[in-house]
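One structure below.
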Amino acid sequence: MGTAAPSVAIRALAETDLPEAERIFRLAFGTFLGAPEPETFWSDRDYVRGRWQAPYVAAFAAELGGELVGSNFATRWGSVGFFGPLTIRPDLWDRGIGARLVEAVT
């Protein structure tokens, strides 16, 4: 019998997660948009730490085998809500991790 694959755990994104969440953000968007160096893509922008610190925002982490592999942010302004950015490490795309992070914000 084979070993079961570790399951994805969804939890609150912690301050200690922010450097890795920022790296995954750049890597994911850089890969998706075809940047020549995905890990440095949008390094001059703050889409992770700024949202994590903002009021009315909840931040979620996806963890696989004890390692951060993605994040999602949910913002609520009165009766309006939206989520994002939602990012997953590119080597783990199409495994349902994003769907789990979307479920967390509903």
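The values are calculated or read from the model by the stated rules, or taken from the named source; none is laboratory data. Keep in mind that this is a model prediction, so the values were computed, not measured. Positions of Cβ are generated from backbone atoms using ideal geometry, with glycine treated the same way; all protein chains shown enter the neighbour counts. With ligands, DNA and RNA removed, areas are computed over all heavy atoms of the protein, side chains included. Shrake-Rupley method; radii C 1.70, N 1.55, O 1.52, S 1.80 Å.
Summary: within the chain, the longest segment free of chymotrypsin sites (Phe, Trp or Tyr not before Pro) located in DSSP loops with at most 14 other C-beta atoms within 10 Å is 1-55. On a per residue basis, the chain carries 61 Å² of accessible surface, using protein heavy atoms and a 1.4 Å probe. For residue 80 and residue 37, a Förster radius of 22 Å and the Cβ-Cβ distance give a FRET efficiency of 0.05, rounded to the nearest 0.05.
Remark: relative contact order (the range 20-104) = 26 percent; criterion is Cα-Cα distance under 8 angstrom and separation of 6 or more residues. When Rg/Rh (Cα atoms, Kirkwood Rh) is calculated for this entry, the matching label among (1) 1.07; (2) 0.99; (3) 1.19 is (2). Pop the C-beta distance of residue 14 and residue 94 into the FRET formula with R0 = 25 Å and round what comes out to the nearest 0.05. Once the sixth-power term is evaluated, E becomes 0.40. Return the carbon/sulfur percentage of the accessible area of the chain, one whole number, probe 1.4 Å, all protein chains in place. Carbon plus sulfur share of accessible area: 55 percent.
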